[in-house]
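Have a look at the structure below, then the notes.
The values are calculated or read from the model by the stated rules, or taken from the named source; none is laboratory data. Remember, it's a predicted structure, so these values are computed and weren't measured experimentally. Ideal geometry is used to build each Cβ from the backbone, glycine not excepted, and the neighbour counts take in all protein chains shown.
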Ligand SMILES: [Zn+2]
Ligand SMILES: [Zn+2]
């Protein structure tokens, strides 16, 4: 039976909401009925070509749902189980995996080239970032699902799949924020809001949220921001002003833009750390002079999927959720249907809102 999906027919084309035919799960595969899927900035980047995957593709990589069927040899989940989709499954065999850095698995996106389904007209479809969550149902490798931890509602659990693992991980695993440190978060979308909450959980003494829009102040403060700045040419100076002229200990950049990365770095103290979570394009060139690199003694690091291992980290996040420290609902500013995804892309382009969540 056909299911509805949001298909990217070609890079730069609008998404088409159409029927697709999914095969029964093959050996090692799982069929999942989606409960919810978040609309992430990376979906927009895939649709406009900033990031590339084979097309036509069903986008969507932040989802959760219920297993409806499993293929031969699948033992880790069974029909009826609630699962979070993991768009970056690790192979367990490459160099990164052997070091435990599963978020850097060399084979994580091999599945993007597979044909996993067809439109009802017979066009081959690729699964975007492996999991094709913008659809009522999907078929994925068993390594792309993690059991939903106890106590986390299935709909909310979708957010764990990208925004929360990424934003929380950027703060806890990449920047390793310590109690009492000061933190600035640039970009108040789904990932940025998760980073703000993570900084609060880490015990940051000051959390400065920065965004191009003045409208996200309440969202940011609800998540735990102590200060809010609308981005401008003077943002780095304002942040130093808020931190006794020092600069923050940690900056988390969630925009992927050269000017924001440079501002984030300029906002940190001598010896401060900047973690870049945002995914920018090749045209975004950031420059530093040799003297300032020496003088400031700062660290600038990239961060993939929050340096997260879903198997290790989801139970930890569930503990924070159960104890009321992490509020997934506070990330969501809009609940939409599949048909609402194009409008959600427009909102992201315009810098409006937090996470839009497709609820099936
Ligand atoms: Zn994402
Ligand atoms: Zn690997």
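Which condition number does residue 113 fail, the rest of (1) more than 16 Å from residue 6 (Cβ to Cβ); (2) surrounded by 20 or more Cβ atoms within 10 Å (Cβ to Cβ) being met?
Against the list (1) more than 16 Å from residue 6 (Cβ to Cβ); (2) surrounded by 20 or more Cβ atoms within 10 Å (Cβ to Cβ), residue 113 comes up short only on (2).
Based on what the data block shows, is residue 122 in contact with a helix residue (DSSP H, G or I) (Cβ under 7 Å, 6 or more places away or on another chain), away from ligand 2 (no atom under 16 Å from the Cβ) and either in the same structural domain as residue 35 (by TED's automatic domain parsing) or not in a loop (DSSP other than H, G, I, E, B) (or both)?
no
Is at least one residue of the range 301-315 out of contact with any strand residue (DSSP E or B) (no Cβ under 8 Å at 6 or more places or on another chain) and without any contact (Cβ under 8 Å) to a residue 12 or more places away in the chain?
Scanning the range 301-315 turns up at least one residue that is out of contact with any strand residue (DSSP E or B) (no Cβ under 8 Å at 6 or more places or on another chain) and without any contact (Cβ under 8 Å) to a residue 12 or more places away in the chain.
Using the structure shown, decide if residue 140 is at pLDDT 95 or above, within 16 Å of ligand 2 (Cβ to nearest atom) and within 20 Å of residue 90 (Cβ to Cβ).
Working: at pLDDT 95 or above: yes; within 16 Å of ligand 2 (Cβ to nearest atom): no; within 20 Å of residue 90 (Cβ to Cβ): yes.
Answer is no for this residue.
Residues that are in a loop (DSSP other than H, G, I, E, B), touching a residue at least 24 places away in the same chain (Cβ under 8 Å), over 21 Å from the mean Cα position of the chain (by Cα) and more than 14 Å from ligand 2 (Cβ to nearest atom): does the range 103-114 have at least one?
no
Just to be sure, is residue 132 under 21 Å from residue 305 (Cβ atoms), buried (at least 22 other Cβ atoms within 10 Å of the Cβ) and within 15 Å of ligand 2 (Cβ to nearest atom)? If you could, list the steps in order and put the result at the bottom.
Working: under 21 Å from residue 305 (Cβ atoms): yes; buried (at least 22 other Cβ atoms within 10 Å of the Cβ): yes; within 15 Å of ligand 2 (Cβ to nearest atom): no.
The answer is no for residue 132.
Among the numbered criteria (1) assigned by TED's automatic domain parsing to the domain that holds residue 234; (2) under 26 Å from residue 359 (Cβ atoms), which one does residue 207 miss?
Every listed condition holds for residue 207 apart from (2).
Scan (1) surrounded by fewer than 22 Cβ atoms within 10 Å (Cβ to Cβ); (2) within 16 Å of ligand 1 (Cβ to nearest atom) for the single condition residue 64 breaks and write down its number.
(1)
For the structure I just gave you, tell me whether residue 288 is at pLDDT 95 or above, more than 22 Å from residue 206 (Cα to Cα) and not in a helix (DSSP H, G or I).
Yes: the conditions hold for residue 288.
Would you please name the residue that is nearest to ligand 2 (Cβ to nearest atom), looking only at residues in the range 78-89 that are in a loop (DSSP other than H, G, I, E, B) and touching a residue at least 60 places away in the same chain (Cβ under 8 Å)?
Among those residues, the one meeting the criterion is 88.
When the residues of the range 161-177 are filtered to those that are part of a loop (DSSP other than H, G, I, E, B) and farther than 20 Å from residue 131 by Cα, which remaining residue is farthest from ligand 2 (Cβ to nearest atom)? Walk me through it before giving the result.
If we filter the range 161-177 for residues that are part of a loop (DSSP other than H, G, I, E, B), which is where we start, we get 162, 175-177.
From what's left, farther than 20 Å from residue 131 by Cα: 175-177.
Numbers: 175: 24, 176: 23, 177: 27 Å.
By that ranking, first place goes to 177.
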